[in-house]
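Here the structure comes first, spelled out in structure tokens, and everything after it is commentary.
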There are 2 protein chains.
Amino acid sequence: KLQLACFERLGAPGWQALADATAAAHEAGLLVIADGKRGDVPHTAAAYGQALLGETPTPWGGVEGLGADAVTANPLLGRDALEPLVDAARSAGAGTFVLVRSSNPGAAELQDAGGTGASLHERLARLTDEVGTDGIGQCGLSDVGAVVPATQPNLLARLRELMPRTIFLLAGVGAQGGRVEDLSQAFLPGPAAALVTASRSIADAGLEQARAGEQADAVRSVTERLREITWALTG
Amino acid sequence: KLQLACFERLGAPGWQALADATAAAHEAGLLVIADGKRGDVPHTAAAYGQALLGETPTPWGGVEGLGADAVTANPLLGRDALEPLVDAARSAGAGTFVLVRSSNPGAAELQDAGGTGASLHERLARLTDEVGTDGIGQCGLSDVGAVVPATQPNLLARLRELMPRTIFLLAGVGAQGGRVEDLSQAFLPGPAAALVTASRSIADAGLEQARAGEQADAVRSVTERLREITWALTG
């Protein structure tokens, strides 16, 4: 999961590094989630689709986009703004992860509010389920996933009920306080139904080691431990 | 108002063109709004602040960000995720425009919903007003503005009531159907209290002309007409 903000802050060389990292991941047989939480009016959402998943036609020929295997999307602007990103991903054989409920402490104030009706995150869960209906594959899972909080395991059972065919991207494990051990509800449909992300605890794992080889070992060790716990959960 | 999606879709050269366009605008004495509707968990929101408004420390020295005079922000993730962007802007003497209610047809389904309580856009308006309290300048306006819909003029009086010190970025004039003539409520505190944006009708104005000089004239003509109508409103 490549966090676009961390590349963008280095300007054009940063964007080139993002393209290089994507290419290197593909060469290593890995899938790339471009985590930019993009969302804008339909016309602009289509441009983000070109940037991350498709290509941009120009008078001098098409310019290829990043070629991500999945993107994260911010759904605040609504269904018509979400669909161009989902369509761009689907055309490219890629996926979309819609932000349904984020993992930060301040998420509750807006995303859990809703008066007597459904909370905002429940509305977003329904929208995600609906937009994903046309993209259900042979395994029974949809190409439209959901970003859900590893920091709020008590919400997962209800979110799974609202989105039975949705792949969950569990955000907030590690530095943000989420524990893989608490996430079994997310994996109910099967081991492929959820992804655990732990960006900061993995990226920072090698910082205390001075030598590159030791840094890589530390990162591998953290990653391996998370993988073992996750596989134990999904049995 | 530079639309980041339109640059990002050209990759690293696009991001360089964004930097060049920003520099050219500054040389011409213009202010630049970087329209990326960014929003993410606090740690990542701070990185977007570095990308667009500040600089990124590295072992080889600081890397300057885009240097925008204002950015647009997506507030779905809540107050703690919005504040790092607002803080980065404030430290740079720049502004933030928070998406309160977008201009696309699908906005109503999520942003106008809210059960018996306040609608989501009313909650976002209150949040925007509150986050802007510490940034009110001598003119009585805040450094935290709001993106509001020129396509829904009937919402403007209520939004102005909820955000009396907020500069409105009126989105959706022209191609999206908004008419400047309908927006007088937005300018009630004074002529500086609202900005009219009409990106597509201006960017597309010269497309029918083949020669560069004629294209520039067509763009100038559309811009001048919008400016005249706006000034007549704010008289």
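The values are calculated or read from the model by the stated rules, or taken from the named source; none is laboratory data. The structure displayed is predicted, hence computed values, not measured ones. Here Cβ is always computed from backbone atoms with ideal geometry, including for glycine, and neighbour counts include all displayed protein chains. Only protein heavy atoms, including side chains, enter the accessible area calculation; ligands, DNA and RNA are left aside. Shrake-Rupley method; radii C 1.70, N 1.55, O 1.52, S 1.80 Å.
Remarks
- Criterion: of a type outside the set (S, T, N, Q), surrounded by 18 or more Cβ atoms within 10 Å (Cβ to Cβ) and assigned to a loop (DSSP other than H, G, I, E, B) - qualifying residue of B:Ala210, B:Ala186, B:Ala205: B:Ala205
- Checking A:Ala113 against (1) over 20 Å from the mean Cα position of the chain (by Cα); (2) at pLDDT 95 or above, the condition it does not meet: (2)
- Among residues of the range A:213-235, those that are farther than 30 Å from A:Gly140 by Cβ, touching a helix residue (DSSP H, G or I) at 6+ places or on another chain (Cβ under 8 Å) and open to solvent by less than 40 Å² (accessible area, probe 1.4 Å), counted: 1
- Within the span defined as the range A:113-125, one or more residues are more than 25 Å from B:Ala47 (Cβ to Cβ), more than 9 Å from chain B (Cβ to nearest Cβ), in contact with a Leu (Cβ under 8 Å, 6 or more places away or on another chain) and part of a helix (DSSP H, G or I).
- Subset of the range B:189-200 (residues that are among the hydrophobic types (A, V, I, L, M, F, W, C), more than 16 Å from B:Thr72 (Cα to Cα) and surrounded by fewer than 21 Cβ atoms within 10 Å (Cβ to Cβ)): B:Ala192
- Residues that are assigned to a helix (DSSP H, G or I) and open to solvent by 10 Å² or more (accessible area, probe 1.4 Å) were ranked within the range A:142-171; the one that is nearest to A:Leu77 (Cα to Cα) is A:Leu162.
- Residue list for the range B:1-44, filter: surrounded by fewer than 22 Cβ atoms within 10 Å (Cβ to Cβ), facing another protein chain (nearest Cβ under 8 Å) and among the acidic types (Asp, Glu): none
- Subset of the range B:126-142 [away from chain A (no Cβ under 12 Å) and among the charged types (D, E, K, R)]: B:Asp129, B:Asp134
- Tally, over the range B:47-74, of residues that are more than 7 Å from chain A (Cβ to nearest Cβ) and on the phi < 0 side of the Ramachandran plot: 18
- Taken over the range B:182-210, the criterion of being closer than 27 Å to B:Asp129 by Cβ and either of a type in the set (D, E, K, R) or not assigned by TED's automatic domain parsing to the domain that holds B:Val131 (or both) is satisfied by B:Asp182 alone.
- The number of residues in the range A:121-141 that are closer than 22 Å to A:Leu85 by Cβ and open to solvent by 10 Å² or more (accessible area, probe 1.4 Å) comes to 13.
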